[in-house]
Amino acid sequence: MKKTTFLSGLGLIVSIFAFTSCLEQEKPINFPKTDLTTEAMIPMPSEVIATNSAFGLDENTHIFTSTTATGFPEVGEFLAEKIKWQTTLNLPVNNSEKATGSRVIYINHADDLAFTTPEAYQLNITQDSITINAKSAQGAFWGVQTIRQIIPQTSNDTLAKTKMWLIPTGQVSDAPNFGFRGSMLDVSRHFFSVSDVKKYIDILAYYKVNILHLHLSDDQGWRIEIKSWPKLTEVGGRSEVGGGEGGFYTQEEYKDLVAYAAKHHITIIPEIDMPGHTNAASLAYPFLNGNGKKVKPYTGIDVGFSTFDTRKESVYDFIDDVIREISEMTPGPYIHIGGDESHVTKKKDFNYFIARVDKIVSKYGKQMIGWDEIVHADVNPSTIAQFWSNEKNALAGAEKGLKIILSPGKKAYLDMKYDEDSKFGLKWAGLIPVDTAYNWSPETYLEGITKENILGLEAPLWSETISNMEELEYLAFPRMIGYAELGWSTEENRNWDSYKERLAKQTPYLDKMNVKYYPSERIDWKK
């Protein structure tokens with residue numbers, strides 16, 4: 001495993017030392033022996049070293065952060081908020097006047113070459129202090145998630161005058177295997193509210209997932225307000241699978257989701273699926289339709305029957321407006337344009353369309369992502385292909401120099417059933433029990449695709465069979481937790497026997513979050 005050097009963060013630590021030396025010294029505490037290496041950390045960090053004592057988290061602990069580096073105070077506030085949620089402790093942040101004890105949590109900006117990626121962090125836990133060193137707020141934020149995972153569920157009330165949560169001492173050196181670690185949520189087949197999506201973001205962030213891809217349009221519904229084309233939501237947003245009322249996000253609601261995700265260091269990728277999967281858009285504006293049939297509201301789950309008119313200039317004017325408005329609301333670098341299952345679009349017309357849309361996306365300073373069918377079009381070398389079904393498409397994309405996102409239906413589709421008795425889900429790609437979801441290697445899954453070709457992986461959750469948060473959670477969890485580890489942890493640090501033990505210990509967090517996960521019999525869940 002990679003060896004790393006823990007950084008001192010000298011300026012911050014000197015100032016904290018000066019502060020703590022003025023505090024009343026506590027009597028030494030005889031901490032019980034601990035073992036940091038046995039903690040249920042997911043994803044598994046790159047390196048963990050145990051020093052077998054404990055840091056006593058209590059009401060006198062205080063949090064300090066670097067104050068000149070962007071985002072570090074906010075990470076400190078986030079940690080304080082989550083510690084209060086887990087323990088009821090109300091810890092001050094960067095406030096020496098309120099701090100009365102000698103144990104300190106440091107969140108330190110350490111801009112050092114030892115960090116090979118902005119998401120890397122180092123965690124050093126002693127009896128007196130917890131130090132997170134990171135070169136960016138994002139790296140510090142992931143370090144905070146590790147701390148959250150090793151705070152015990154119950155306090156020890158016998159060692160000191162106050163309740164104390166004993167955190168094992170030691171060192172963690174960590175960095176992600178892939179920079180793109182995502183989940184997709186289909187809000188088109190069934191609509192999910194802002195609060196639902198925020199809860200999903202909360203859980204994704206806990207497991208260091210950094211991408212949320214929102215599938216915002218399909219045959220059944222259009223879910224994002226476009227002010228220059230208001231009927232998209234007025235007409236196209238009012239239906240869903242099974243005939244429900246549908247729904248959509250106003251631009252203010254979408255911006256709120258983007259900001260909430262950013263607070264959790266998650267990038268939202270909006271998807272407008274085209275030229276197929278476009279019945280809802282054509283219902284709102286029939287001139288878009290290219291399949292020669294009268295457009296009617298669609299509430300079923302069949303695919304491949306709809307298409308835009310790829311040879312009509314007014315269609316590209318429409319797309320330009322949509323991409324412009326979404327780009328203005330989306331600070332992240334990506335726009336997803338779909339491109340899958342456009343069965344009634346002639347191949348020549350499809351490739352022409354994708355090339356035109358690629359130029360529109362680039363015009364607004366974004367990088368285009370599309371499902372693997374797009375690789376045959378003349379696209380920008382920076383365009384990204386998302387593999388879901390056709391291995392030849394993925395290989396063709398790699399040969400053109402495109403980065404590939406791995407979302408193999410047979411392994412990574414969250415909407416597949418766990419087993420024949422699953423209450424929700426489909427099974428066209430096969431059953432995906434918890435161990436099947438985990439036991440594959442993104443680095444070697446596709447012959448001819450090397451790690452250098454792979455941007456990362458994403459687990460899509462299509463919503464044909466689910467219509468509320470409880471059903472979403474049933475399909476997403478616990479499998480999404482395993483995908484988080486596949487994206488973050490190196491191949492040498494991934495092991496099913498280790499993972500299933502750590503997964504079994506996630507129940508306190510999942511229960512506290514009221515997650516209605518699927519209690520697979522393949523896991524010995526710890527209550």
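Checking Gly425, Gly448, Gly397, Gly487 one by one, the residue that is in contact with a Lys or Arg (Cβ under 7 Å, 6 or more places away or on another chain) and over 30 Å from Gly242 (Cα atoms) is Gly487 and no other.
The combined condition, being basic (Lys, Arg), assigned by TED's automatic domain parsing to the domain that holds Val361 and either under 25 Å from Thr383 (Cβ atoms) or part of a helix (DSSP H, G or I) (or both), is not fulfilled by Lys227.
Scanning segment 249-267 for residues that are buried (at least 17 other Cβ atoms within 10 Å of the Cβ), closer than 27 Å to Ser228 by Cβ and among the hydrophobic types (A, V, I, L, M, F, W, C) gives Leu257, Val258, Ala261. From the list Ser306, Ser342, Ser314, Ser282, the one residue that fits, being among the polar types (S, T, N, Q), assigned by TED's automatic domain parsing to the domain that holds Lys363 and in contact with a Leu (Cβ under 6 Å, 6 or more places away or on another chain), is Ser282. Taken over segment 399-427, the criterion of being free of Cβ contacts under 8 Å to residues at least 24 places away in the same chain and either in contact with a strand residue (DSSP E or B) (Cβ under 9 Å, 6 or more places away or on another chain) or aromatic (Phe, Trp, Tyr) (or both) is satisfied by Gly409, Lys410, Met416, Lys417, Lys427. Scan segment 376-392 for residues that are over 25 Å from the mean Cα position of the chain (by Cα) and not in a loop (DSSP other than H, G, I, E, B) and the total you get is 2. For segment 199-221, the condition holds for no residue, the condition being that it is surrounded by fewer than 24 Cβ atoms within 10 Å (Cβ to Cβ) and polar (S, T, N, Q).
Of Gly246, Gly242, all but one fail to be more than 20 Å from Ala385 (Cα to Cα), crowded, with 17+ Cβ neighbours inside 10 Å and assigned by TED's automatic domain parsing to the domain that holds Tyr364; the exception is Gly246. In the set Pro152, Pro168, only one residue is assigned to a strand (DSSP E or B) and either of a type in the set (Phe, Trp, Tyr) or out of contact with any His (no Cβ under 8 Å at 6 or more places or on another chain) (or both); that residue is Pro168. Scanning segment 213-224 for residues that are in contact with an Asp or Glu (Cβ under 8 Å, 6 or more places away or on another chain), touching a residue at least 60 places away in the same chain (Cβ under 8 Å) and not in a loop (DSSP other than H, G, I, E, B) yields His213, His215, Ser217. One residue stands out in segment 1-39 among those that are buried (at least 19 other Cβ atoms within 10 Å of the Cβ) and at pLDDT 95 or above: the one that is farthest from Val144 (Cα to Cα), namely Thr34. State all residues of segment 459-481 that are touching a residue at least 60 places away in the same chain (Cβ under 8 Å), more than 26 Å from Ile404 (Cβ to Cβ) and part of a helix (DSSP H, G or I); if no residue qualifies, say none. Within segment 459-481, Met469, Leu472 meet the criteria.
Exactly one residue out of Tyr517, Tyr499 is within 21 Å of the chain's Cα centre (by Cα), modelled with pLDDT of 95 or more and part of a loop (DSSP other than H, G, I, E, B), and it is Tyr517.
With respect to the stated conditions, Ser441 fails to be more than 27 Å from Glu492 (Cβ to Cβ), part of a loop (DSSP other than H, G, I, E, B) and not basic (Lys, Arg).
Restricting segment 104-126 to residues that are among the aromatic types (Phe, Trp, Tyr) and closer than 23 Å to Leu57 by Cβ leaves a set whose member that is farthest from the chain's Cα centre (by Cα) is Tyr106. Taken together, the criteria exclude Lys82 from residues that are over 25 Å from Asn177 (Cα atoms) and either modelled with pLDDT under 95 or touching an Asp or Glu at 6+ places or on another chain (Cβ under 9 Å) (or both).
The values are calculated or read from the model by the stated rules, or taken from the named source; none is laboratory data. Computed from a predicted structure; not experimentally measured. Here Cβ is always computed from backbone atoms with ideal geometry, including for glycine, and neighbour counts include all displayed protein chains.
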